[in-house]
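Have a look at the structure below, then the notes.
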């Protein structure tokens, strides 16, 4: 499945788009939020956007990172709830930061850069608890309790300990599917079971949806359904 987005324009970096779809991927709707510097009311470039669900809320908040700082929106009303301009940064990375992730259970925050360095921050984010040199340029990362999971530009998935920095495991994949001429920039599970995945690519105006299916019991199986399949809806 691919979900049509918008024709690319000069203001694409100034807007955040949110998409909703039903369980059968039959009904898709879009909303757009124009992002501006609230102190000057001028448009500002968006670097990242993510949904965050605090324990005290039933609907997630939209957190947007810009060239000036961070903005938090109510996703239902699109109202700006809070903004935080960043004047002084933490200069611990020597290369471009690829991703940052937090485990709210253990209050651990990690960041990774394009040179392969992982930094485990102290709980108050004012100091460094540990530096891990992976030697693998990092593209994406996540954290699960005491393990930080990183994806690399070479296609590897690696598990590191946030306590001592040891390499704990390298994941062997069971299935892969290639998107020709696409640099994958983000992937997200879209259901609680972890069987549906949405993938976004650099400079592409579509979101690709994958569904992981159980391996059939028969010996003769249709190609593409062993461990996963991709749906594609054309949008001419």
With label points set 7 Å from each Cα along the Cα-to-Cβ direction at residue 79 and residue 14, the distance between them in nm comes to 2.6 nm
Rounded to the nearest 0.05, FRET efficiency between residue 195 and residue 91 (Cβ-Cβ, R0 45 Å) equals 0.65
Shape descriptor, the range 14-77: equivalent ellipsoid semi-axes (Cα gyration tensor, sqrt 5λ, whole Å, largest first) stand at 24, 15, 9
When 193, 57 are arranged by how many other beta-carbons sit within 10 Å of their Cβ, fewest first, they go 193, 57
Expressed in angstrom, Rg and Dmax over the Cα atoms of the range 89-172 are 11.5, 37
Applying the gyration tensor rule to the Cα atoms of the range 49-148 (axes a ≥ b ≥ c; rounded if a/c under 1.5, else prolate if a/b exceeds b/c, else oblate), the class is prolate
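No lab work stands behind these numbers, since they all come straight from the coordinates. Since the structure is predicted, the reported quantities are computational estimates derived from the model, not experimental observations. Neighbour counts are summed over all protein chains in view; Cβ atoms, including those assigned to glycine, are modelled from backbone coordinates with ideal geometry.
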